[in-house]
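Undergrad: One structure, pasted below without further comment.
The values are calculated or read from the model by the stated rules, or taken from the named source; none is laboratory data. As the structure is a computational prediction, the values presented were derived from the model and not from experiment. Please note: Cβ atoms are built from the backbone with ideal geometry, for glycine as well, and neighbour counts cover all protein chains shown. The area values use the complete protein model at the heavy-atom level, side chains included, leaving out ligands, DNA and RNA. Shrake-Rupley method; radii C 1.70, N 1.55, O 1.52, S 1.80 Å.
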Amino acid sequence: MRHLTSLCCAVALGVSLVAVTSAQQGPGPRKVMQIIREEIKAARGAPHGRAEEAYVRAIRAAKAPVYYVGLRSVTGPTEAWFLSSYDSYAALEQENDMVAKNASLSKALEMADDQDAQFRTGTRTVIAELQEDLSYRMRPSMQDMRYMHVTTIRVGQGWGTAFDDIRKLVKAAHEKANVDEHWAMYQVVSGMPAGTYLMMQGSMSLKDEDTDPHTQAYRDVMGDEGRAKMQQFQRDGVLGADTALFEISPQMSNVPDEWLKARPDFWKLPTMKTSSAKPVESSPKPTDGQ
């Protein structure tokens, strides 16, 4: 995982030192999200996961409040995604400066990246902004999640307003029918083609997939007219859409201590390495007369 990137690309990792409250919450639906997407070589998922532990060790050793959640792809291409979120772009910049000024941490992260690079075939960094008015019952954090569905939607040039209108229609129907569903909608602002949106839905278990939350009450609220509008937009305004399932990887994540305490059976830290050198034994004291 490439944790350090150029400030001119306007990316960094984690949360700001000054945003203490948000830092303690860990990654969640806040204004700015950074996503680092890594393409992983075939059959190299396990060693790649072990290599990612070096980043966590470096950050923990430096006691830096840098938090992120790592995801492994279950469907689609073999990828690892790393999510971190910020209350503002200023927080993003402040943390980038903090890491850059910490020479030992920067060096440790660079060494970790050198080792991690052998398992990757490509990396993409994405910045996206939360669209709260298009989101529905967002969960406050990823602390209790295990899976993440990410639907990538790309709309044609000039169709942004129509997309907003359709998603607001869908959201209103969910609210009126009290649908038991949760999602956060992000609009990509850098790192992917214009008109790209990411709908992120976290869950605790795959058994949630056994039940369709869209009841008859929801279908009644949408009505024929609402469904017709959606279908028309999908035909005319959507260039493409796909959904991928990810599993959260505690091994590739660095989360706040509060998360570790609340869910110790899931969130775990890698063993901190210690020096393997044997201690030098001191010479025995000379006896009297020597």
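Undergrad: Quick check on L130: is it under 19 Å from Q187 (Cβ atoms), in contact with a Phe, Trp or Tyr (Cβ under 9 Å, 6 or more places away or on another chain) and either open to solvent by 20 Å² or more (accessible area, probe 1.4 Å) or in contact (Cβ under 8 Å) with a residue 40 or more places away in the chain (or both)?
TA: The answer is yes for L130.
Undergrad: For the range 153-185, give me each residue that is farther than 23 Å from S85 by Cα and in a loop (DSSP other than H, G, I, E, B).
TA: Within the range 153-185, G156, Q157, G158, W159, N178, V179, D180 qualify.
Undergrad: Is it true that Y136 is within 22 Å of S73 (Cα to Cα) and surrounded by 15 or more Cβ atoms within 10 Å (Cβ to Cβ)?
TA: no
Undergrad: Related question: Any residue in the range 97-124 that is over 22 Å from K63 (Cα atoms) sitting within a Cβ distance under 8 Å of a residue that is of a type in the set (V, I, T) and buried (at least 19 other Cβ atoms within 10 Å of the Cβ)? List the pairs, counting only those 6 or more apart or interchain.
TA: So the pair list comes out as F119/I40; R120/I40; T121/I40; T123/I36; R124/I36.
Undergrad: Determine if the range 236-243 includes at least one residue that is modelled with pLDDT of 95 or more, farther than 15 Å from M145 by Cβ and of a type in the set (D, E, K, R).
TA: Yes, because at least one residue in the range 236-243 is modelled with pLDDT of 95 or more, farther than 15 Å from M145 by Cβ and of a type in the set (D, E, K, R).
Undergrad: Now for a different question. What single numbered condition from (1) more than 17 Å from the chain's Cα centre (by Cα); (2) under 29 Å from S84 (Cα atoms) fails to hold for R227?
TA: Failed condition: (2).
Undergrad: Just name the residue that is surrounded by the most Cβ atoms within 10 Å (Cβ to Cβ) out of those in the range 142-171 that are over 25 Å from the mean Cα position of the chain (by Cα), over 15 Å from Q131 (Cα atoms) and in contact (Cβ under 8 Å) with a residue 24 or more places away in the chain.
TA: If we take residues in the range 142-171 being over 25 Å from the mean Cα position of the chain (by Cα), over 15 Å from Q131 (Cα atoms) and in contact (Cβ under 8 Å) with a residue 24 or more places away in the chain, then W159 is surrounded by the most Cβ atoms within 10 Å (Cβ to Cβ).
Undergrad: Going through the range 126-152 one residue at a time, which ones are assigned to a loop (DSSP other than H, G, I, E, B), out of contact with any Gly (no Cβ under 7 Å at 6 or more places or on another chain) and among the hydroxyl-bearing types (S, T, Y)?
TA: Passing the criteria: only S135.
Undergrad: Hey, another quick one. For residues that are open to solvent by 60 Å² or more (accessible area, probe 1.4 Å) and part of a helix (DSSP H, G or I), tally how many sit in the range 186-239.
TA: Result for the range 186-239: 17.
Undergrad: Do we have K261 as more than 21 Å from D164 (Cα to Cα) and in a loop (DSSP other than H, G, I, E, B) here?
TA: No: the conditions fail for K261.
Undergrad: Output the residue which, of all residues in the range 70-121 that are open to solvent by less than 10 Å² (accessible area, probe 1.4 Å), touching a strand residue (DSSP E or B) at 6+ places or on another chain (Cβ under 6 Å) and of a type in the set (A, V, I, L, M), is modelled with the lowest pLDDT.
TA: Step by step, filter the range 70-121, then rank; the result is L92.
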